[in-house]
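Heads up, the thing below is written out as structure tokens.
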Amino acid sequence: MDLNDWILSLHLLAAFALVGAEVVFTIQLVALWRTEETARVTSFVTLSRVATAMVIAGTLGTIVFGVWLALSKDGYALWDGWIIAAIILWAIGSGLGQRSGNEYAAAAARAGELSAAGTQTSPEVAEAFGASRAFWLHVATSVVVLLVLVDMIWKPGA
């Protein structure tokens, strides 16, 4: 194995971390869909932290190792159309995911405050974990991640 094989392996591991985190967040949203139970929401905070770490590692790893590969591997160039598309989609997905994550983190923090104050149920929490803006941002993030995967697998124009 040469260095490019190692970099490709790390790039793929980072992509698995990113997609895995997307799956974890989606399952979490399904499990919390329209729940009013503040304690139930706060019980998922640790899992969210793990998935967030996976997103950070996956996001940084895919871009760093992907650009490295584009620069060092024969047959690829950073200005290839499919690579530019992947970088643009990566940036869009990162921005959407960060906005979604921030909104869900604020909702979880609010659920924690309510739970600590003795409030067991809250329509505010149910609204945040329903078809909220954060939910639609998450859906958009998932679609963009899927588009990046399609771009990386089939490399249109390469």
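The values are calculated or read from the model by the stated rules, or taken from the named source; none is laboratory data. Predicted model only: the values in this text are computed from it and were never measured. FYI the Cβ positions are ideal-geometry reconstructions off the backbone, even for glycines, and counts take in every protein chain you see.
Points worth noting:
- The residues of the range 44-84 that are closer than 30 Å to Ser115 by Cα, in contact (Cβ under 8 Å) with a residue 12 or more places away in the chain and over 14 Å from the mean Cα position of the chain (by Cα), listed by number, are Phe44, Val45.
- Boolean, Val41 is out of contact with any Ser or Thr (no Cβ under 8 Å at 6 or more places or on another chain), at pLDDT 95 or above and either under 18 Å from Ile153 (Cβ atoms) or assigned to a helix (DSSP H, G or I) (or both): no
- Condition check for Thr121: among the β-branched types (Val, Ile, Thr) and either touching a strand residue (DSSP E or B) at 6+ places or on another chain (Cβ under 8 Å) or crowded, with 18+ Cβ neighbours inside 10 Å (or both): yes
- Qualifying residue in the range 88-105 (condition: touching a helix residue (DSSP H, G or I) at 6+ places or on another chain (Cβ under 6 Å), of a type in the set (D, E, K, R), surrounded by fewer than 17 Cβ atoms within 10 Å (Cβ to Cβ) and modelled with pLDDT under 95): no
- Any hit, the range 98-108, residues being more than 17 Å from Val143 (Cβ to Cβ) and more than 22 Å from the chain's Cα centre (by Cα): no
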